[in-house]
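Undergrad: Pasting in a structure now, in C-alpha cells, and then I'll have a few things to ask.
What follows is calculated from the coordinates using simple rules that are stated; it is not laboratory data. Keep in mind it's a predicted model, so treat the numbers as computed, not measured. Here the Cβ is made from the backbone with ideal geometry for all residues, glycine too, and neighbour counts use every protein chain on show.
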Amino acid sequence: MTSLPRLVVLISGRGSNLQALVAAIRQGRLHATVAAVVSNRPDAAGLHFAVAQGFPTRVVSHVGLSRTEHSAALREVVLPFEPDLICLAGFMRLLAPPFTRTFPNRIVNIHPSLLPAFPGLDAQRQAFDYGVKVSGCTVHLVDDDLDHGPIVMQSVVPVLDDDTPETLAARILAAEHKTYPAAVEQLLHQPWRIEGRRVVFQSYQSV
Ligand code: GAR
C-alpha cells in the first residue's frame with residue numbers, strides 16, 4: 001500500500017478549516033494524513049483540537065521576528081515533517097522566501113473572497129461594504145505576495161439583501177469547509193500544471 005500524502009496545516013486561530021480537512025479525511029473525501037499542525041500563536045484554539053486528535057503540534061511565534069526570520073524559523077520546524085502539501089488554514093502571517101522557496105508550489109491557502117477582489121483582512125466585510133452581489137472563497141497557491149498566487153478553486157456565495165457581514169461570513173465559511181478539502185484532494189491526486197497564472201488540471205481521459 002502506498003503511503004498517504006502528508007499535510008502540514010498552519011493556523012493562527014479558531015481552526016475550523018483544519019477541522020474541515022480532518023473531517024474530509026475521516027469521511028474518505030480527502031486521501032491524506034495530517035503530519036503536523038503549526039501555529040504562530042500559542043493561544044490558537046485550533047491547537048486544542050489538534051492535540052485532541054493526537055496530531056503533533058508546534059508553535060512558532062512571530063513576536064519579535066521579522067517576516068524573513070519568522071519564515072526561516074517556520075521552515076526549520078516544518079521540514080522534518082516532510083510535507084507533500086502545506087495548508088494555510090486561517091494562518092494570518094505573510095510568508096517570505098526562506099519558506100516559500102523551500103516549498104515551491106506546495107503551499108496552499110484559503111481566502112474568504114473571490115480573489116483578486118478583497119485580499120487581506122476582513123475580506124467578507126470588505127465585500128459587503130463594497131456592495132458586490134456575489135462573493136465566495138478562493139483556494140490558491142501561495143507566493144510571496146498577499147493572497148496572490150495562482151488560483152486552484154473558487155466557490156461563489158450570493159450576497160443577500162438581508163445579509164449582515166456576519167451572516168455573509170458564516171455562509172462563506174460553510175463554502176470554505178467544502179471547497180478546501182476538495183481543492184486539496186484535487187491537488188494531491190490529479191495531475192496539474194501551471195500555465196502563466198493558471199492552474200490547469202489534466203483530466204484522466206487525456207493523460
Ligand atoms: C477563514 O475564513 C479563512 O478563509 C480566513 O481566516 C478564517 C480562518 O478561520 N483566512 C484569511 O483571511 C487569509 N487571508 P478558521 O481558523 O476557522 O479556519
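Undergrad: Could you work out [θ]222 nm for the chain from helices alone, using -39500 (n - 2.57) per DSSP H run of at least four and dividing by all its residues? Round to the nearest 500 deg cm²/dmol.
TA: The helix contribution divided over the chain gives -10000 deg cm²/dmol.
Undergrad: Span-like helices, the chain: DSSP H, alpha-carbon axial extent 27 Å or more, mean Kyte-Doolittle -1.0 or greater, which ones? Display every interim value, and only then the final one.
TA: Working: long enough: 165-189 (35 Å, 0.00).
Correct list, ordered by number: 165-189.
Undergrad: For the chain, what is the largest minus smallest coordinate of the Cα atoms on each principal axis, given in angstrom and ordered from greatest to least?
TA: Cα extents, longest axis first: 50, 49, 35 Å.
Undergrad: Just add up the charged neighbours of Ala36: K/R +1, D/E -1, any other residue whose Cβ is under 11 Å from the Cβ of Ala36.
TA: Its environment carries a net charge of +1.
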